[in-house]
1. Toward the positive end of the charge dipole of the chain, about the Cα centre and with charges on Cβ (Lys, Arg +1; Asp, Glu -1), which of A192, Q246, V163 goes farthest?
2. With the other protein chains left in place, how much accessible area per residue, in square angstrom, belongs to the range 22-181 at a 1.4 angstrom probe?
3. Calculate the dipole size of the range 9-87 relative to its Cα centre from +1 charges on Lys and Arg beta carbons and -1 charges on Asp and Glu beta carbons; express the result in debye to the nearest 20.
4. What percentage of the solvent-accessible surface of the range 50-110, computed with a 1.4 Å probe over protein heavy atoms, is contributed by carbon and sulfur atoms?
5. Between H42 and S62, what FRET efficiency comes out of the Förster formula 1/(1 + (r/R0)^6) with R0 = 41 Å and r the beta carbon distance, rounded to 0.05?
6. Give, as a single signed number, the net charge of other residues whose beta carbon lies under 15 Å from the beta carbon of H42, with Lys and Arg counted +1 and Asp and Glu -1.
7. If packing is taken as the average count of other Cβ atoms within 10 Å, what order do 154-166, 70-82 fall into, highest mean first?
8. How high is the FRET efficiency between A81 and E143 when r is their beta carbon distance and R₀ equals 25 Å, given to the nearest 0.05?
Amino acid sequence: MQLSVAAGTDVGRIRAGNEDSLFADADQERGLFIVADGMGGHAAGEVASEMAVQIVSRDLTSLRNISGTIPPERMREALMAANRAIYERTLQEPDKQGMGTTASCLIVGQGRWVIGHIGDSRIYLLRNGTLRQLTTDHSYVQEQVDAGFLTPEQARYHPYSNVITRCVGANAAVVADVLSGELQDGDLYLLASDGLTGMLEDPQLKKILESRQTPGRMVDALITEANRRGGLDNITAIVVQVLAVQGTDRAGTTGEQAAARHA
Ligand code: CA
């Protein structure tokens, strides 16, 4: 497998700190990518998103075979472990009370992808000119849209648009959405926090993802555009381009090394 990957995060133009965390690691066998968007006062959101990224990446790093029924189960367990650890910390440390985080995780390899998802960060797939949101937001406004009470347009500008209905660490237990599918040559995956997707609508995301630039340039363009439109929240984006599902080019992964771009 040959991937080209880039990741970036930015505080935006309004917030004092960055409560988003990200993880991106890829080699010839598999790629593992996580975006987490924390919440909670006294910088607790930062702690929650970091804990989620650390626990999920630690638990899944040894997962090398992405086919079969085991990877979705491992994904679910990793998110449950993160939930447990964050929730226990909210009980032990009063200043961490109420902290939590979203977590959107993508693992790719052996021609497959598996997603684990909680909250309103998003994972998109651009394939054959169509941009599709693979994850469903666990948010108040998404529930209203699903019930037919709001249009997607009304949801976007709704005063409760940032209220999420599922969160890692808020309760003793949480149910993750776990999805899987097939990888194809040319696939482009985007993982993003709502500081990006709240500022850019899907057609605007698509325009940048179709620009035939390197993933590094795309990440920079996404962050720049979100800031240009107001930068109201922390902005995080990971772009994963599948150059070849098969093939064992010696370089394996080309392009920017994501780790260097962590905030
Ligand atoms: Ca956010």
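1. Q246
2. About 44 Å² of surface per residue is accessible.
3. Value, rounded to 20: 160 debye.
4. Taking all protein chains in place, the range 50-110 shows 49 percent carbon and sulfur surface.
5. 0.75
6. Computed value for this residue: -2.
7. Sorting 154-166, 70-82 by mean packing, highest first, produces 70-82, 154-166.
8. Calculated transfer efficiency: 0.40.
The values are calculated or read from the model by the stated rules, or taken from the named source; none is laboratory data. Just so it is clear, the model here is predicted, and its values are computed rather than measured. Every residue, glycine among them, receives a Cβ derived from its backbone with ideal geometry; neighbour counts consider all protein chains shown. Ligands, DNA and RNA are excluded from the accessible area calculation, which covers all protein heavy atoms including side chains. Shrake-Rupley method; radii C 1.70, N 1.55, O 1.52, S 1.80 Å.
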